[in-house]
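*Asks:* Quick one: this structure, given as structure tokens, is what I'll be asking you about.
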Amino acid sequence: MTIGVGGSDSSTELQTMRSMRGDMQPIGNAEREARIAKAQEMMRQQGIAALYLDASTSLYYFTGLRAGGRERLHGAVIPAEGALSYICPAFEVEKTAASIVMPGDIRGWEEHEDPTALVIDTVDARASSGTLAVDETTPFFTFDGLRKAGNRYDFVNGSDITGACRMIKSKTEIALMTRAKQITLEVQKAAARILTPGITTAEVKAFIAQAHQALGADGPTAFCTVLFGEATAYPHGVPHEQTLEEGDMVLIDTGATVEGYHSDITRSYVFGDPTPRQRQIWDLEVAAQAAAFNAAQPGVPCEDVDTAARAIIEAAGFGPGYAVPGLPHRTGHGIGLDVHEWTYLVKGNQTPLAPGMCFSNEPMICIYGEFGVRLEDHFYMTEDGPEWFTQPCPSADDPFGYETAA
């Protein structure tokens, strides 16, 4: 039997869990002020009059305000020069005032009024024309209103500002993600221990949600994929429940958040003893993941990391390119307040790697009709090269490194 797999149950595991959250330092207003100042400097350099933030993670990133997306406009305007302004329904001005942590004036719109006109009016208070950057997650109906109300402005994708700021993480952000990933890795270990013949994917998912909360994550899992057997070959799973059998490959991809910052860890292993074929593919996955990590050096284009992983897989006779059997998707994604964010380890991305960037490393090998293997850990860039948030799996027989640690 694979070391660390089986031998326990969900009740036993949950009873032993204690919060790992500790005294994690949240993002403070001094850091948010620096983020806004950086965005404003970039806007001035690019000739942008203001940045509109919709109810998105970028709104939270810059202001600390959480506002769920809805048909009523909630957002903020950051001008290239001057103070922050919040926009919300008039009947929620008091609630917004109680919720904000960054100072700024609050402008409310009545139910019969056009909120996008109020956004443009807010921009007009700082500039009468020029270019307006719009949060890339803004719904089209809001953007359409902005375009009509502000037809004297040119409009650009706000990701030129938001993405450029958010892809470089601070030490505080990296610390929060480190704790989130440490929590999820412990959940992964516990999930492996509760496996037994006949357990269903739904039962494992329910345990993973409870375990994340017990260990101190913000809440239940942000996402959770649990796959057994042949279904492990499909990167985003299958639309039906499965039941575990001896010899199945198991794939669990899950994560949660700490102060809004994501973890995202995948583990693949065999319930039972790996066959030669399973061991071959598992070892190939480890080699591809290591090649990607080693290629991630400061100044190197992001696409080179994908190329390095894919070369290992193709040299073993898989692919080429995205063809299956092989690696059908990019090698990795950025991570932070969104589980997938700027920038990506993918062909064609010439963005140079720089200190503070954070990535998943998950060059999955998919063999339809048999099984798949994905091992996903994350790394962050330093001036000296990449550093792992969590250590990769050491072997197919000991995927969680129990013997290695001993």
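The values are calculated or read from the model by the stated rules, or taken from the named source; none is laboratory data. For clarity, every value in this text was computed on a predicted model and none was experimentally measured. Cβ sites come from the backbone with ideal geometry, for glycine too, and all protein chains shown count toward neighbours. Heads up: the accessible areas ignore ligands, DNA and RNA and are worked out on the full protein's heavy atoms, side chains in. Shrake-Rupley method; radii C 1.70, N 1.55, O 1.52, S 1.80 Å.
*Asks:* What does the charge count around Arg277 come to, taking other residues whose C-beta lies under 12 Å from its C-beta (Lys +1, Arg +1, Asp -1, Glu -1)? Can you show the working numbers first?
*Replies:* Values: positive: Arg279; negative: Asp283, Glu370.
After counting each charged neighbour, the total is -1.
*Asks:* Quick one: what do you get for the chain if you divide its Cα Rg by 2.2 N^0.38 Å?
*Replies:* Numbers: Rg = 23.2 Å, N = 406, 2.2 N^0.38 = 21.6 Å.
So the Cα radius of gyration is 1.08 times the expected 2.2 N^0.38 Å.
*Asks:* Separate question: What is the local net charge at Pro79, summed over the other residues whose Cβ is closer than 12 Å to its Cβ (Lys, Arg +1; Asp, Glu -1)?
*Replies:* Numbers: positive: Arg44, Arg126; negative: Glu81, Asp105, Asp124.
Once positives and negatives cancel, what remains is -1.
*Asks:* Still on this structure, I have one more. Within straight cross-link reach of Lys38, meaning Cα distance under 14 Å, which aspartates and glutamates are found once same-chain residues fewer than 8 apart are removed?
*Replies:* Glu81, Asp160
*Asks:* Moving on. Within 14 Å, Cβ to Cβ, of Thr16, how many net charges do the neighbouring residues add up to if Lys/Arg are +1 and Asp/Glu are -1?
*Replies:* Numbers: positive: Arg18, Lys189, Arg193; negative: Asp9, Glu13, Glu186.
Result for the local shell: 0.
*Asks:* Calculate what fraction, in whole %, of the accessible area of the range 181-289 sits on carbon and sulfur atoms when a 1.4 Å probe is rolled over the protein chains.
*Replies:* Numbers: 1810 of 3610 Å².
Ligands and nucleic acids excluded, carbon and sulfur give 50 percent.
*Asks:* Further, regarding this structure: Relative contact order for the range 51-167: what percent, with Cα pairs under 8 Å and sequence separation of 6 or more? Spell out each step's value before the answer.
*Replies:* Working: 188 pairs, mean separation 28.8, N = 117.
Once normalised by length, the contact order is 25 percent.
*Asks:* Calculate the spin-label point distance for Ala83 paired with His112, positioning each point 7 Å from the Cα along the beta-carbon direction, and give it in nanometres.
*Replies:* Calculated label separation equals 3.1 nm.
*Asks:* Still on this model: Report the residues of the range 73-113 in range of a label on Lys148: point 7 Å along Cα→C-beta, backbone N strictly under 14 Å from it.
*Replies:* Answer for the range 73-113: 113.
*Asks:* Could you tell me the largest-minus-smallest coordinate of the C-alpha atoms of the range 330-379 on each of the three principal axes, in descending order and whole angstroms?
*Replies:* 39, 24, 15
*Asks:* Something else now. How big, in percent, is the set of alpha carbon pairs in the range 42-189 lying more than 23 Å apart? If you can, show how the numbers build up before the last one.
*Replies:* Values: 4092 of 10878 pairs.
When all Cα pairs of the range 42-189 are counted, 38 percent exceed 23 Å.
*Asks:* Lysines near Lys205 by alpha-carbon distance under 20 Å, same-chain residues fewer than 8 away left out - which ones?
*Replies:* Lys181, Lys189
*Asks:* On to the next question. Translational diffusion coefficient of the range 1-108 at 10 °C, 1.306 mPa s, Stokes-Einstein with Kirkwood Rh over Cα pairs, in µm²/s as a whole number. Write down the numbers at each step before the final one.
*Replies:* On the way: Rh = 16.8 Å.
Here the translational diffusion coefficient equals 95 µm²/s.
*Asks:* Say each of Val324 and Glu383 gets a label point 7 Å from the Cα, pointing the same way as Cα to Cβ; how far apart are those two points in nm?
*Replies:* Spacing of the two 7 Å Cα→Cβ label points: 4.4 nm.
*Asks:* In nm, give the distance between the simple-model label positions of Asn157 and Ser11, each being 7 Å from the Cα along the Cα-to-Cβ direction.
*Replies:* Result for the modelled spin labels: 5.3 nm.
*Asks:* Only bridges with both residues in the chain count here: give the DSSP antiparallel percent, nearest 5. Write out the running numbers ahead of the final one.
*Replies:* On the way: 40 of 53 bridges.
Of those bridges, close to 75 percent are antiparallel.
*Asks:* R0 = 45 Å: FRET efficiency of Arg66 with Glu370, Cβ-based, nearest 0.05? The partial results should precede the final answer.
*Replies:* Numbers: r = 43 Å, r/R0 = 0.96.
It comes to 0.55.
*Asks:* Also: What does the helix-only formula give at 222 nm for the chain: each DSSP H stretch with n ≥ 4 adding -39500 (n - 2.57), the total divided by the residues, and the result rounded to the nearest 500 deg cm²/dmol? Walk me through the numbers before you get to the answer.
*Replies:* Details: 12 runs with 142 residues, N = 406.
Taken over the chain, the calculation gives -11000 deg cm²/dmol.
*Asks:* Please give the length that would be gained between Gln350 and Ala290 if that part of the chain were fully extended, namely 0.36 nm times their separation in residues minus their C-alpha to C-alpha distance (nm, one decimal). Mind showing how you got there, number by number?
*Replies:* On the way: separation 60, 0.36 × 60 = 21.60 nm, distance 2.10 nm.
Gain on stretching Gln350 to Ala290: 19.5 nm.
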